[in-house]
Amino acid sequence: MSRLITATLIDAIDWFNVSPATWKQRAYVQLLNQLNRKWIPPEKAVQRGIDFEKTIYECLKAGEHTQSSFTKQAVKDYNIADLTWFISRCKNCEIQKKIKRFIRINNIEYCLFGKIDVWSNDLITDIKTTGNYKGEDYYIHSFQNKLYSYITGNMYFRYLIAVFNDTGEIIDKIELRFKQEQTTIIGLRNYIDKKIIETMDFLEADLTLITAYKEKFCLY
């Protein structure tokens, strides 16, 4: 059976590696829960993002992409202008497209897997929510967009970012569009290979983590 690689796995390991000492134990538990496929109720900010994306998808699936197609709950929870901003940029696209690609590294097969929020033939779009916008580099240099571009062969990526305040209102909307710095499939493959090797080295160094990875996480 091939080993599963996802952006959320890489992100969880990266967060553990850079987290401050006061967060280390919590970051480790979060990573272990993910490897064990143990569902934990999401924190408030994460749930806010899930709810917002769900609202966008529901409005897109309604088909008309106008205020008249917005659900009553959507209009209650969000400003119409904010909804329109996101929906107008995602209309006529495929929603939550599952993608995967198999590769071999050091005679081990890996399944690269992802779910694209909004897909068109010339652009990959991912919807993000945050309470603290960290700047372009935070998004452009993430593993997620490189993984998705390699799997699909599409080098053009866009993040649509909703910035929320503490009361749940959207205070800023950011469209970040770019072409991959590694402009060839070979360049992306080299980057991904290196990241996977680092990931396996990290997991292999902890018996609990590697056991959960092989026995639970890879059962897709």
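Just so you know, all these numbers are worked out from the coordinates, no wet-lab data involved. Predicted model, so just to flag it, every value in this text is computed and none were measured. Neighbour counts are summed over all protein chains in view; Cβ atoms, including those assigned to glycine, are modelled from backbone coordinates with ideal geometry.
If you filter segment 171-220 for GluC sites (Glu not before Pro), then keep DSSP loop positions with at most 16 other Cβ within 10 Å, what is left?
GLU181
In nanometres, what is the gap between the two model label sites at ASN107 and ASP206, each 7 Å from Cα along Cα-to-Cβ?
2.8 nm
If amide hydrogens are placed 1.01 Å from N in the peptide plane, which non-local residues have theirs closer than 5 Å to the one on ILE171?
VAL163, PHE164, ASN165
Taking the Cα centre of the chain as origin, sum charge times position over the Cβ atoms of Lys and Arg (+1) and Asp and Glu (-1), and report the length of that vector in debye to the nearest 20.
So the dipole magnitude of the chain works out to roughly 540 debye.
Assign unit charges at the C-beta atoms only (+1 for Lys and Arg, -1 for Asp and Glu), then state the dipole size of segment 1-62 relative to its Cα centre in Debye, rounded to the nearest 20.
Charge dipole, segment 1-62, about its Cα centre: 200 debye, nearest 20.
What per residue convex hull volume, in Å³, comes out for segment 114-160 when only alpha-carbon positions are used? Don't skip to the end; give the middle numbers.
Working: hull volume 3.4 nm³, N = 47.
Roughly 73 Å³ of hull volume per residue.
Among rounded, prolate and oblate, which fits segment 11-127 when a ≥ b ≥ c are the square roots of the eigenvalues of its C-alpha gyration tensor, a/c under 1.5 means rounded, and a/b larger than b/c means prolate?
Oblate shape, in that a/c is at least 1.5 and b/c is the bigger or equal ratio.
Starting from the Kirkwood Rh over alpha-carbon pairs, what translational D in µm² s⁻¹ does the chain have by Stokes-Einstein at 37 °C and 0.692 mPa s?
174 µm²/s
Within the chain, which complete DSSP H helices have Cα atoms spanning at least 20 Å along the helix axis and a mean Kyte-Doolittle hydropathy of 0.0 or higher?
185-204
Where in segment 193-213 does the label zone of LYS24 land, with the point 7 angstrom along Cα→C-beta and an amide N cut-off under 17 Å?
Once the point is set 7 Å along Cα→Cβ of LYS24, 202-203, 205-209 turn out to lie under 17 Å by backbone N, inside segment 193-213.
For the chain, what is the calculated [θ] at 222 nm in deg cm²/dmol (nearest 500), taking -39500 (n - 2.57) for each run of four or more DSSP H residues and dividing by its residue count?
Helix-only estimate at 222 nm: -14000 deg cm²/dmol.
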